[in-house]
Amino acid sequence: MRITKYTHSCVRLELDGGGTLVIDPGVWSEPRALAGADAVLVTHEHGDHVDALRLKGLGVPVFAPEGARIPGLDFTGVRPGEEFTAAGFKVSAHGGRHARVFGGLPDCANLGYLVEDSLYHPGDSLHRPGLPVETLLVPLQGSWLKTDEAIDFVHAVAPDRAYGIHDAQLNERGLDSLNGWLAEECRGRYRRLPPGTSVVHSE
């Protein structure tokens, strides 16, 4: 599987000789992330994770949490615990709600997606899938997140490797600090993937 990180929480997955699946192409992610995509997964309805206008004209299947409010976009609603296939990838949905920010808000649906029983994208939550994870995408910064929670999330899931996402609101000093801290505390499991960078993992 080829994994390409794009700005913020957008990740493109490509199977050798197979399909192309994009997760969370939001308004800050590069349009080229969607070039040739066969399907799209959306973790939740916030604009930094879904650019509805761009997806509306793409003409490929879009999967998002059942009950998500994404005006103008047709999508297949997904429930927690559901298993399905998207672009030839096996996907299971986990979690259910967005992490709390303040005063119980936002209270919107959020799903983490485990792809090919290997890669886990949690969206805006730190829900643990309760299954083995080889590659974890770990949020680095948000109004709903503390750095120690991100580190604890990596330790709790115990993946073979972890890469940072949800980082577009950080300047370079912030990125250097957080990426260095996670690399140090996560015992060699963690590394930064700058936008546009790809890695390939094989079984």
Is there a residue in the stretch 101-113 that is surrounded by 22 or more Cβ atoms within 10 Å (Cβ to Cβ), on the phi > 0 side of the Ramachandran plot and at pLDDT 95 or above?
no
Tally time: how many residues in the stretch 82-115 are more than 25 Å from Glu134 (Cβ to Cβ) and among the hydrophobic types (A, V, I, L, M, F, W, C)?
5
Quick one: in the stretch 117-130, which of the residues that are in contact with a Phe, Trp or Tyr (Cβ under 6 Å, 6 or more places away or on another chain) and either closer than 22 Å to Gly19 by Cα or among the aliphatic types (A, V, I, L, M) (or both) is surrounded by the most Cβ atoms within 10 Å (Cβ to Cβ)?
His121
In the stretch 49-73, which residues are touching a strand residue (DSSP E or B) at 6+ places or on another chain (Cβ under 7 Å) and charged (D, E, K, R)?
Glu66
From (1) surrounded by 13 or more Cβ atoms within 10 Å (Cβ to Cβ); (2) touching a Ser or Thr at 6+ places or on another chain (Cβ under 7 Å); (3) closer than 22 Å to Val115 by Cα, pick out the condition that doesn't hold for Val133.
(2)
Some residue of the stretch 91-102 being assigned to a loop (DSSP other than H, G, I, E, B), of a type outside the set (A, V, I, L, M, F, W, C) and either under 25 Å from Glu14 (Cβ atoms) or in contact (Cβ under 8 Å) with a residue 60 or more places away in the chain (or both):
no
Spot the failing condition for Ala37; the list is (1) farther than 22 Å from His201 by Cα; (2) in a loop (DSSP other than H, G, I, E, B); (3) touching a residue at least 24 places away in the same chain (Cβ under 8 Å); (4) in contact with a strand residue (DSSP E or B) (Cβ under 7 Å, 6 or more places away or on another chain), and only one is missed.
(1)
Please state which one of Ala168, Ala162 is of a type in the set (Gly, Ala, Ser), in contact (Cβ under 8 Å) with a residue 60 or more places away in the chain and either outside any loop (DSSP other than H, G, I, E, B) or farther than 20 Å from Arg189 by Cα (or both).
Ala168
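Surrounded by fewer than 22 Cβ atoms within 10 Å (Cβ to Cβ), in contact (Cβ under 8 Å) with a residue 24 or more places away in the chain, within 25 Å of Ala183 (Cα to Cα) and out of contact with any Pro (no Cβ under 7 Å at 6 or more places or on another chain), is that true of Ser143?
Spelling it out, Ser143 is indeed surrounded by fewer than 22 Cβ atoms within 10 Å (Cβ to Cβ), in contact (Cβ under 8 Å) with a residue 24 or more places away in the chain, within 25 Å of Ala183 (Cα to Cα) and out of contact with any Pro (no Cβ under 7 Å at 6 or more places or on another chain).
The values are calculated or read from the model by the stated rules, or taken from the named source; none is laboratory data. Quick caveat, the model's predicted, so the values are computed rather than measured. Backbone-built Cβ (ideal geometry, glycine too); neighbour counts: all protein chains shown.
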